[in-house]
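Structure provided below as structure tokens; questions to follow.
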Amino acid sequence: MSADTNQSIIQSDIHHVFHSWSVQNQLNPLAFKTGKGCVLIDYDGKEYLDFSSQLVNTNVGHQHPKVIEGIIQQAQELCTISPAHANKARGLAAQKILEVAPKGFKKIFFTNAGADAIENAIRMARLFTGRRKVLSAYRSYHGNTGAAISATGDTRRFNNEYAQDHVHFFGPYLYRSEFWSSTEQEECERALHHLRRIVECENPANIACILLESIPGTAGVFVPPKGYVQGVRQLCDEFGIMLILDEVMVGFGRTGKWFAQEHYEGVTPDLITFAKGVNSGYIPVGGVIISDAISQYFDDKYFPGGLTYSGHPLAMASIVANITAMQEEKMVENAEKMGEILATGLKTLAQKHAIIGEVRGIGLFWAIELVSNPEQKTKFTLAEMNKVKQLCLDNGLLPFIAENRIHVAPPLIVTEAQIHQALAIYDTVLSQMA
């Protein structure tokens, strides 16, 4: 029997697997055999420094022994059980999440991923308020299921909009301001004014929730200006609207705090959605962190929702092991410390390379926006970004490419040496693109 190679694995994949977000006859996937920490290894033995964390989810890195052991132990005891039955791993997982969550939250509803976490958070907000409309940003991504894709602002929602009562608004993005702003303060004030007008024009009495990514991720890593999220919270309070913060991508240490919303002093949402970093993607899982008030509402009212694999024991065990490893190894603290080093390095690159329009981010969550004309802010083309991606791969770095941006999101265990290695590769690639 012949040994597996990159080519043999890729050929088997493209002949038998239907890929997401793709034209099937244009596929050219990579093939990875294994990984360790921040490194992935393909079937031909080539190593890649993973600065994408895959889809920004492998927070503890690849093949973390403590998480693997947690899954093995649970598999040996009980592989699966109906969500109607109590299960030790599920109760422990909920406790571990609530242990690191902000105060004011009582229970966890477990889902299979981030998209159905969004679905159920919206459902809870609608039932709790008795209202229908959902407001969310144009520059956003919330998932590929019915309400989640309709709530999504980017172009992937086109031809997928079957859910009802979804309205979009523009969030703050000073580099390409929709509000002709010249300062962060102006952008904040004008974006909040715009949102208020949307709320007023859509009739506040019909609006169940405002759904925000705590930091919009796939859309461009937009750290909100000071006061913006507080302003949204105040607007929600004024009109009795639920605030849902989507922490699917930025939760569990990514920004140097357990939850990105902790960066916004005085803000407590009504619901928080999560997935990805909660167990570093080792087994599919997501969920909703439910506030005291909404949790109590359903104490004597029926909740019309559920999933066969809600709180699946193997996923629950991976959550317990993942959060425990993060606590024991101080990964959130490392994300904050390494984030400062990364920030300095990326800002230095921006000063050196004119094709960098802007670098922005926090912790280990950054974007390098590439422009061919800095004055006109002309975005890099698809062909140019494909070349950027290939050059990164040629130099042994696995990037996260979105539109005209390189998203920089290594695992939270990344070392200073690995950050400098990645920065050197970015420098080489950008020099070749100039």
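Identify which of ASP42, ASP154, ASP50 has the largest mean-square fluctuation in a Gaussian network model of the chain, with springs joining Cα atoms closer than 10 Å.
Largest GNM mean-square fluctuation: ASP42.
Take each of the peptides 248-261, 180-193, average the number of other beta-carbon atoms within 10 Å over its residues, and list them starting from the highest.
Numbers: 248-261: 26.6, 180-193: 16.4.
Ranked from most to least packed, the peptides come out as 248-261, 180-193.
Provide the per-residue ³J(HN,Hα) series for region 402-413, in order, calculated from phi with Karplus coefficients 6.51, -1.76, 1.60 and θ = phi - 60°, each as a whole number of Hz, with x at glycine and proline positions.
Each residue's phi maps through the Karplus curve to give 9, 6, 9, 10, 9, 8, 10, 8, x, x, 6, 8 Hz.
Charges on Cβ only, +1 for Lys and Arg, -1 for Asp and Glu, centred on the Cα centroid of region 66-146; of LEU127, SER140, PHE105, which one is farthest towards the dipole's positive end?
LEU127
Among the lysines, which have Cα under 18 Å from the Cα of LYS103 when same-chain residues fewer than 8 positions away are ignored?
Straight-line reach from LYS103, under 18 Å: LYS257.
What does the chain give for Rg and for Dmax, in Å, if only its C-alpha atoms count?
Both quantities, over Cα of the chain: 21.5, 68 Å.
List the residues whose amide H sits under 5 Å from the amide H of GLY286, counting only those 5 or more places along or on another chain, with H placed 1.01 Å from N in the peptide plane.
THR111, ASN112, ALA113
Moving on. Who wins for biggest fluctuation among HIS64, HIS15, HIS168 in a Gaussian network model of the chain, springs between alpha carbons below 10 Å?
Greatest mean-square fluctuation among the candidates belongs to HIS15.
Where in region 232-282 are there GluC sites (Glu not before Pro) that are in a DSSP coil and have at most 16 other Cβ atoms within 10 angstrom of their Cβ?
GLU265
Oh, and also: Starting from the amide H of LYS33, placed 1.01 Å from N in the peptide plane, find each other amide H under 5 Å away whose residue is 5 or more places distant or on another chain.
Here the answer is ILE41, ASP42, TYR43, since their amide H atoms fall under 5 Å of that of LYS33.
Round to the nearest 0.05 the FRET efficiency obtained for THR344 and ARG132 when R0 = 45 Å and r is the Cβ-Cβ distance.
Approximately 0.45, to the nearest 0.05.
Right, next: Show me the chymotrypsin sites (Phe, Trp or Tyr not before Pro) within region 1-73 that DSSP assigns to loop and that have at most 13 other Cβ atoms within 10 Å of their Cβ.
Taking region 1-73 and a limit of 13 other Cβ atoms within 10 Å, the loop chymotrypsin sites (Phe, Trp or Tyr not before Pro) found are PHE18, TRP21.
Could you tell me the distance between the Cα centroids of region 120-194 and region 250-272, to the nearest Å?
About 18 Å separates the Cα centre of region 120-194 from the one of region 250-272.
Quick one: work out the % antiparallel among DSSP beta bridges in region 195-296, nearest 5.
Given both bridge residues lie in region 195-296, the antiparallel proportion sits at roughly 35 percent.
Measure off, as a whole percent, the carbon and sulfur share of the 1.4 Å-probe accessible area of the chain, all protein chains present.
So the carbon and sulfur contribution to the accessible surface is 52 percent.
Which entries in the list LYS352/LYS387; LYS96/LYS347; LYS66/LYS347; LYS36/LYS379; LYS36/LYS276; LYS46/LYS96 go over 29 Å, if you measure between the two C-alpha atoms of each?
Long pairs (Cα-Cα over 29 Å): LYS96/LYS347; LYS66/LYS347; LYS36/LYS379; LYS46/LYS96.
Next question. Of all DSSP beta bridges in region 230-375, what percent run antiparallel (nearest 5)?
75 percent
Distance between the C-alpha centers of region 48-116 and region 349-373? Whole Å please.
Cα centroid of region 48-116 versus Cα centroid of region 349-373: 33 Å apart.
Mind checking the full-extension length gain between SER431 and GLN73? Use 0.36 nm per residue of separation minus the Cα-Cα distance, one decimal, nm. Intermediate values should be presented prior to the final figure.
Details: separation 358, 0.36 × 358 = 128.88 nm, distance 4.88 nm.
Full extension of this stretch gives 124.0 nm more.
Additional query: With both partners inside the chain, how many of the DSSP beta bridges are antiparallel, as a percent to the nearest 5?
Antiparallel: roughly 65 percent of the beta bridges in the chain.
Can you compute the FRET efficiency between LYS88 and ASN144 using 1/(1 + (r/R0)^6), with r the Cβ-Cβ distance and R0 = 45 Å? Round to the nearest 0.05. Numbers along the way, then the final one.
On the way: r = 32 Å, r/R0 = 0.72.
Given R0 = 45 Å and the Cβ-Cβ separation, E is 0.90.
With θ set to phi - 60°, apply the Karplus curve 6.51 cos²θ - 1.76 cosθ + 1.60 along region 49-62 and write out the HN-Hα couplings as whole Hz, x wherever there is a Gly or Pro.
7, 8, 9, 10, 6, 6, 9, 6, 9, 7, 4, 8, x, 7
Could you pull out every one of the aspartates and glutamates with an alpha carbon less than 12 Å from that of LYS330, ignoring same-chain neighbours closer than 8 positions?
Answer for LYS330, where 12 Å is the Cα cut-off: none of the aspartates and glutamates qualify.
Next question, about the same structure. Could you give each residue of region 171-187 its phi-based ³J(HN,Hα) in whole Hz, using Karplus coefficients 6.51, -1.76, 1.60 with θ = phi - 60°, and x for Gly or Pro?
Running phi through 6.51 cos²θ - 1.76 cosθ + 1.60 with θ = phi - 60° gives x, x, 6, 4, 4, 10, 4, 7, 10, 6, 7, 10, 9, 4, 5, 4, 4 Hz.
The values are calculated or read from the model by the stated rules, or taken from the named source; none is laboratory data. Computed from a prediction, not measured in an experiment: that's the story for all the values here. Please note: Cβ atoms are built from the backbone with ideal geometry, for glycine as well, and neighbour counts cover all protein chains shown. All accessible areas refer to the heavy atoms of the entire protein, side chains included, with ligands and DNA or RNA removed. Shrake-Rupley method; radii C 1.70, N 1.55, O 1.52, S 1.80 Å.
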